[in-house]
Amino acid sequence: MTDLRAATPDFLNALSAQLPADTLRAADPRYLEEPRGRFHGQASAVALPRTAQEVSTLVRAAHMARVPVVPYGGGTGLVGGQIVETHPAPLVISLERMNKIRAVHPTENVIVAEAGAILAQVQAAAAHSDRLFPLSLAAEGSAQIGGNLATNAGGVTVLRYGNTRDLCLGLEAVLPNGDIWNGLTRLRKDNTGYDLRNLLVGSEGTLGVITAAALKLAPRPRHSGTALLVVPSVEAAIDLLALTRDLIGDGVSAFELIHQQGLQFLTEHVPQVRQPFATPPQWSVLIDLGLPRNRDVQRELLALFELASERGLVLDGVIAQSVAQAQELWSVREHIPVANKKVGSIASHDISVPISQIPDFIRRAGPALAQLGDLRINCFGHLGDGNLHYNVFPAKGRTRGDYADISSQISPLVHDLVADFGGSFSAEHGVGRLKVADLERYGDPVKLAAMRAIKQALDPRGIMNPGAVLRAPMG
């Protein structure tokens, strides 16, 4: 039992008197659910502020009354960071009304957006100024930029542009005592002490509420090209990655690994997605290039295919000849998670290991899992940055329920092996509540002690998203 307290009617009435009439409302069920249905939350009320000052009022009152606070973005997180199940019912602060694009500075390659702006909205605002905001992920039509920052979201373009942290110049945020940090700088160089920006990015709402951000833009590639290439092995895929970077340089935007199992799931459960090969190959890679005006993307992809074929790195392939064909190839990759969901995994893993060790990890993990039972593995993901989605499914004709006796052994086996390779049990989804025990098991003790000290210093009453990332203290 913590010393946090659920919001009382008196607290909510007093708070409501300080804010516009429609700011507080009863907890709608949509704020209490998450995409995978693993967590079911509670809330005393939901607040929908319009300004950083209103967020400050909400957080300051919660701090004084010891009421827990959960910042809420688009609700697309996959590790339960936006859901409180067991603590006193929190005050949920949704940033959805704070959705303005405050400014675009094309000559600086900077956009300033409020935290509730949808990722696709930020992308569109950048495109309107002939710039690119390169963060790209499956939930970009509903994920909010504040949530992307709070979780340090990854996606398919990390290889070229980095995680969300790498795209952030400055933040405006409300700290756990209600103070507003005005750190919304557009500077590329600001070497003035501790970096609060990078402390808040990836903190999953446990150290404050991000209300706005200054974000980096990039020149829009004038020519783009996409190819799906069949490779004989994962080792060949990694050698192909190195060759592609040698030939293309920083024009490689994405390099995705696809396994035959994912394609078979598509055939069975999402047959409307057109696949380019009659027989799904064991391994293939989806390559996306973005090049400047003076480079011929088709010629460079063809040269890559020919050289890679000569070296035995590619067995077959398709080079998109139009935007429509490129979209078809990307549709294959983007619908693999859809097919996965229809099959129903026993355990899903968002892992990373050093790129050169990925083949050894795959060679060891498969047989180790096979000792537990008859399982299917769909290993796919962002090979270019070492991030794999290593998901374990029932054998054909069986269901998750048939594996109740071994399901609890699967993730520890995978994560132990990841740790043996010096990898991470959470590459891009964060820790949330789902992986708190994993952080305690695999995290460096010195790092964990420092994290707890930071949490205590900034949030001594523990009101900010209690139980996410770090286990909430009992007492």
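The values are calculated or read from the model by the stated rules, or taken from the named source; none is laboratory data. Note that the structure is a prediction, hence the values are computed from the model and not measured. Note that we place each Cβ from the backbone using ideal geometry, even for glycine, and neighbour counts take in every protein chain shown. When the accessible area is computed, the model is the full protein with side chains, heavy atoms only, and any ligands, DNA or RNA have been set aside. Shrake-Rupley method; radii C 1.70, N 1.55, O 1.52, S 1.80 Å.
Taken over region 402-430, the criterion of being in a loop (DSSP other than H, G, I, E, B), open to solvent by 40 Å² or more (accessible area, probe 1.4 Å) and free of Cβ contacts under 8 Å to residues at least 40 places away in the same chain is satisfied by Ala404, Asp405.
Condition check ((1) aliphatic (A, V, I, L, M); (2) closer than 17 Å to Gly74 by Cα) across all residues:
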site: Lys189; (1), (2): no, no
site: Gly202; (1), (2): no, yes
site: Leu207; (1), (2): yes, no
site: Ala214; (1), (2): yes, no
site: Leu217; (1), (2): yes, no
site: Arg222; (1), (2): no, no
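Taking every residue in region 208-234 that is closer than 30 Å to Thr57 by Cα and open to solvent by 10 Å² or more (accessible area, probe 1.4 Å) and pairing it with any residue that is of a type in the set (Gly, Ala, Ser) and in a strand (DSSP E or B), at least 6 positions away or on another chain, the pairs with Cβ-Cβ distances below 8 Å are Ile210/Ala173. In region 144-167, the residue that is most open to solvent (accessible area, probe 1.4 Å) out of those that are in contact with a strand residue (DSSP E or B) (Cβ under 7 Å, 6 or more places away or on another chain) and closer than 25 Å to Ile287 by Cβ is Arg160. For region 271-306, filtered to residues that are surrounded by fewer than 16 Cβ atoms within 10 Å (Cβ to Cβ) and among the aliphatic types (A, V, I, L, M), the residue that is modelled with the lowest pLDDT is Ala278. Selection of helices (runs of 4 or more DSSP H) fully inside region 138-218 by the criterion of at least 3 residues being under 25 Å from Gln53 (Cβ atoms) returns 145-151, 196-200.
Scanning region 63-71 turns up one or more residues that are in a loop (DSSP other than H, G, I, E, B) and surrounded by fewer than 21 Cβ atoms within 10 Å (Cβ to Cβ).
Determine if region 22-39 includes at least one residue that is in a strand (DSSP E or B), under 18 Å from Gln82 (Cβ atoms) and of a type outside the set (Gly, Ala, Ser). Yes; the residues of region 22-39 include at least one that is in a strand (DSSP E or B), under 18 Å from Gln82 (Cβ atoms) and of a type outside the set (Gly, Ala, Ser). Residues in region 386-401 that are of a type in the set (Lys, Arg) and in a loop (DSSP other than H, G, I, E, B) were compared, and the one that is least open to solvent (accessible area, probe 1.4 Å) is Arg398.
If we scan region 443-453, do we find a residue that is within 28 Å of Pro367 (Cβ to Cβ) and either in a helix (DSSP H, G or I) or open to solvent by 30 Å² or more (accessible area, probe 1.4 Å) (or both)?
no
Out of Arg5, Arg25, one residue alone is among the charged types (D, E, K, R) and out of contact with any Lys or Arg (no Cβ under 6 Å at 6 or more places or on another chain). It is Arg25.
Does Arg131 meet the test of being among the charged types (D, E, K, R) and within 18 Å of Glu172 (Cβ to Cβ)? It is false that Arg131 is among the charged types (D, E, K, R) and within 18 Å of Glu172 (Cβ to Cβ).
Of the set (1) closer than 18 Å to Ala143 by Cβ; (2) crowded, with 18+ Cβ neighbours inside 10 Å; (3) modelled with pLDDT of 95 or more, all apply to Lys100 but (2).
In region 269-385, counting only strands (runs of 3 or more DSSP E) that sit wholly within it, the ones holding 3 or more residues that are in contact with a helix residue (DSSP H, G or I) (Cβ under 8 Å, 6 or more places away or on another chain) and closer than 12 Å to Ala227 by Cα span 283-291, 316-319. Being at pLDDT 95 or above, within 27 Å of the chain's Cα centre (by Cα) and either over 21 Å from Asn391 (Cβ atoms) or open to solvent by less than 30 Å² (accessible area, probe 1.4 Å) (or both): is that true of Asp239 here? Criteria met by Asp239. Given the conditions (1) under 18 Å from Leu137 (Cβ atoms); (2) open to solvent by less than 30 Å² (accessible area, probe 1.4 Å), report the number of the one that Leu369 does not fulfil. If we test Leu369 against (1) under 18 Å from Leu137 (Cβ atoms); (2) open to solvent by less than 30 Å² (accessible area, probe 1.4 Å), just (1) comes out false.
Taken over region 1-50, the residue count meeting the criterion of being under 25 Å from the mean Cα position of the chain (by Cα), surrounded by fewer than 17 Cβ atoms within 10 Å (Cβ to Cβ) and of a type in the set (Val, Ile, Thr) is 0.
Condition (residue is over 14 Å from Arg311 (Cβ atoms) and touching a residue at least 60 places away in the same chain (Cβ under 8 Å)) applied to region 235-249: is it met by at least one residue? No, region 235-249 has no match at all.
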